[in-house]
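> The structure under discussion is supplied below as structure tokens; questions concerning it will follow.
The values are calculated or read from the model by the stated rules, or taken from the named source; none is laboratory data. Quick caveat, the model's predicted, so the values are computed rather than measured. Here the Cβ positions follow ideal geometry from the backbone for every residue, glycine too, while neighbour counts run over all protein chains shown. These area figures cover heavy atoms from the full protein model, side chains too; ligands, DNA and RNA do not enter into them. Shrake-Rupley method; radii C 1.70, N 1.55, O 1.52, S 1.80 Å.
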Amino acid sequence: MNEFKYWLFSLHIVLIAIGLTFPSELLGYIISAIIVGTNLFYLKNGIMLLFVVFPVRPFMVEVNGGLAYLADFIILTSLCVVLVKKSSSLKYWITEYRWLTLVSALLAIGLFSGLYNGISFAAGIFQIRSLLITFFLLIIGKEVIWSKVDLNRLILISIGTALVLCVHGWIEKLSLRQWLLPASWKEWNLSAANEMRIYGLIANPNVLATYLLIIFFSTFLLRSTTLKNWHLIIIRILIAGTALLTYSRGAMLAFATGVILFIILKRAWRQVVPLLLYVVLSFTVIYYPIVNASEAINESGYFSQASEEHTPDEVSKKEPSPIIKENNVLIERFKEMFSSETVQASAEWGRIYVVLKGVEIFTDHPLFGTGFSTYGDAASQTYKSPIYEKYGIPENLYADNQYISLLVSTGLCGVILAAILMFLLIKKAWRIGNNQWRSISLSAIAVLLTAGLFYNILEDKTFTLYFYFLMGYVLNNNLSMENRYEMD
């Protein structure tokens, strides 16, 4: 269905680059329209482009708002093309996707409960879009025929994009967040601990870490005549080392859970030592050199002096940020997770506070919850929550916990529906005939479930882009799983 064209993919990248170089919203809309229009005729080009756009979308939107909904419309037009061109009977769609009634019921609970509790209709739709837009990749991935060449191409595109983000992250780190960032991003009021972390073009260290770890593990699936094994070894070290610079404990714990499950299911005991070597090399070759160089640059005061030259006197008189030695910060962050100070701070404002306050709200609305856009979700960051004043919740609260967000917004009914959907997904994955893909699928689900403890993972477009596409790909009835290749 609509074979991939390299010339068109290159043209799309050039058009996006033009939109970022000349940040006119009108130009952004025109470029988006051109790309979406070609997607109607070259479906796979549009799908592949998503794996470039989503990882840099926050940067794109910040620079040129006209590109904000490019990815959304690519997905929606791709879904329409699939529905129109797929020659299947109505019975097939009803039988194959009857589980979508559970998804619809879950979204309906969140929407109508929110409307009942005072949110605007726009806020409810905003949150539904946040949860649903990448979800369509599951259907697209399942219904389109994907070859080994397509999968190789997708991984190569992802590697190229990840390397761009790595280099940008190093520059961000070494320039102390002064180079290659939008002006508004440079002005973020970050704590001393968060200033050490790289945010990247994704504008979030946790999302960046999650993305880089996805690409790291996807390289083991690559079968390419372009990249040799030693190329891949270097690429893995670069990507893993950059992921360490995000200091993202949640992402690392989530993927550690997935890796352990994969090794158990696949009985891949021999892969333990190579993975440990990658960790050591990533620390040695990337993490420590960049951290030490960053500290030296910070101590030299180069960027502080440059900033003072372009800053009014009253601003430049502020005390400079303290120089904090970072070599052991990553280890210390894991050690302090369960310290009494961390637990107390978390209970007063952090994740424990979010959970306790969420339970308090849930006890008042146990059946259907308070609805979307009411407690720490993406919509509540844009639209004012109607319950925050009543419960004394600060306006900028973000749940960073998918489970409590789901519990508060949809109540017991929503949680039960979500649990049924997850059970059906696990059941489907368990029945995959190929042990390789069964292990990968179940491990990806384990990453999702673990990450949900630390993030609103279903709102992370980059993670769900890969997750839903993977689920669609492995459940694709048009391909013989026995013919798919094995991981190294």
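> Quick one: would you say G37 is at pLDDT 95 or above, under 18 Å from F4 (Cα atoms), surrounded by fewer than 19 Cβ atoms within 10 Å (Cβ to Cβ) and not charged (D, E, K, R)?
So G37 passes the test.
> Hey, L458 hits all of (1) open to solvent by less than 20 Å² (accessible area, probe 1.4 Å); (2) more than 18 Å from F216 (Cα to Cα) but one; which does it fall short on?
With respect to (1) open to solvent by less than 20 Å² (accessible area, probe 1.4 Å); (2) more than 18 Å from F216 (Cα to Cα), L458 is out only on (1).
> Further question: Restricting to segment 185-200, what's the tally of residues that are in a helix (DSSP H, G or I) and either modelled with pLDDT of 95 or more or under 21 Å from N64 (Cβ atoms) (or both)?
Adding up the residues that qualify gives 2.
> Which of (1) part of a helix (DSSP H, G or I); (2) open to solvent by less than 50 Å² (accessible area, probe 1.4 Å) is the odd one out, the single condition A203 does not satisfy?
Answer for A203: the failing condition is (1).
> Still on this structure, please answer the following. Restricted to segment 5-34, and to residues that are within 20 Å of V149 (Cα to Cα) and not basic (K, R), which residue is least open to solvent (accessible area, probe 1.4 Å)? Let's see the steps before the verdict.
So in segment 5-34, the residues within 20 Å of V149 (Cα to Cα) come out as 5-10.
Adding the requirement that they be not basic (K, R) leaves 6-10.
On the way: Y6: 148, W7: 154, L8: 4, F9: 29, S10: 62 Å².
Only one residue tops the list, namely L8.
> Residue check: is K428 in a loop (DSSP other than H, G, I, E, B), on the phi < 0 side of the Ramachandran plot and among the basic types (K, R)?
No; evaluated as a whole, the condition is false for this residue.
> Please specify each residue of segment 143-162 satisfying the condition of being open to solvent by 50 Å² or more (accessible area, probe 1.4 Å) and among the hydrophobic types (A, V, I, L, M, F, W, C).
Matches in segment 143-162: I145, V149, L156.
> Which members of segment 208-256 meet the condition of being in a loop (DSSP other than H, G, I, E, B), under 18 Å from L448 (Cβ atoms) and open to solvent by 20 Å² or more (accessible area, probe 1.4 Å)?
none
> Collect the residues in segment 62-107 that are of a type in the set (G, A, S), closer than 20 Å to L131 by Cβ and part of a helix (DSSP H, G or I), keeping them in residue-number order.
Selection gives A71, S78, S104, A105.
> Search segment 363-372 for residues being closer than 11 Å to S409 by Cα and either open to solvent by 40 Å² or more (accessible area, probe 1.4 Å) or small (G, A, S) (or both), and hand back the single one that is nearest to the chain's Cα centre (by Cα). Step through it out loud before you land on a result.
Of all residues in segment 363-372, those closer than 11 Å to S409 by Cα come to 365-372.
Checking which are either open to solvent by 40 Å² or more (accessible area, probe 1.4 Å) or small (G, A, S) (or both) leaves us with 365-369, 371.
On the way: H365: 30, P366: 30, L367: 30, F368: 28, G369: 26, G371: 23 Å.
By that ranking, first place goes to G371.
> Among the residues of segment 163-184, what is the count of those that are in a helix (DSSP H, G or I) and open to solvent by 60 Å² or more (accessible area, probe 1.4 Å)?
3
> Given the structure, is G110 in contact (Cβ under 8 Å) with a residue 40 or more places away in the chain, part of a helix (DSSP H, G or I), under 20 Å from the mean Cα position of the chain (by Cα) and under 21 Å from I75 (Cβ atoms)?
When the stated conditions are applied, G110 does not pass them.
> For L79, indicate whether it is of a type in the set (A, V, I, L, M) and open to solvent by 40 Å² or more (accessible area, probe 1.4 Å).
The answer is no for L79.
> Give the number of residues within segment 355-380 that are farther than 15 Å from N401 by Cβ and assigned to a helix (DSSP H, G or I).
3
> For the structure I just gave you, tell me whether L107 is of a type outside the set (D, E, K, R), out of contact with any Gly (no Cβ under 6 Å at 6 or more places or on another chain), at pLDDT 95 or above and open to solvent by less than 40 Å² (accessible area, probe 1.4 Å).
On the way: of a type outside the set (D, E, K, R): yes; out of contact with any Gly (no Cβ under 6 Å at 6 or more places or on another chain): yes; at pLDDT 95 or above: yes; open to solvent by less than 40 Å² (accessible area, probe 1.4 Å): yes.
Here the answer is yes, as L107 does meet what is asked.
> What number goes with the only condition from (1) open to solvent by less than 10 Å² (accessible area, probe 1.4 Å); (2) without any contact (Cβ under 8 Å) to a residue 40 or more places away in the chain that V61 does not pass?
Condition (1) is where V61 drops out.
> Say we look at segment 279-295 and pick out the residues that are touching a residue at least 60 places away in the same chain (Cβ under 8 Å) and not β-branched (V, I, T); which of these is surrounded by the most Cβ atoms within 10 Å (Cβ to Cβ)?
Restricting to residues being touching a residue at least 60 places away in the same chain (Cβ under 8 Å) and not β-branched (V, I, T), the top hit is S294.
> May I ask you to list pairs of residues, at least six apart or on different chains, whose Cβ atoms are under 7 Å apart, with the first in segment 125-152 being assigned to a helix (DSSP H, G or I) and the second being basic (K, R)?
E143/K86; K148/R223; D150/K44; N152/R223
> In the list L406, L397, which residue meets the criterion of being part of a loop (DSSP other than H, G, I, E, B) and closer than 22 Å to V354 by Cβ? Break it down into steps so the answer makes sense when it comes.
Values: L406 fails: part of a loop (DSSP other than H, G, I, E, B).
Result: L397 is the single residue among L406, L397 that is part of a loop (DSSP other than H, G, I, E, B) and closer than 22 Å to V354 by Cβ.
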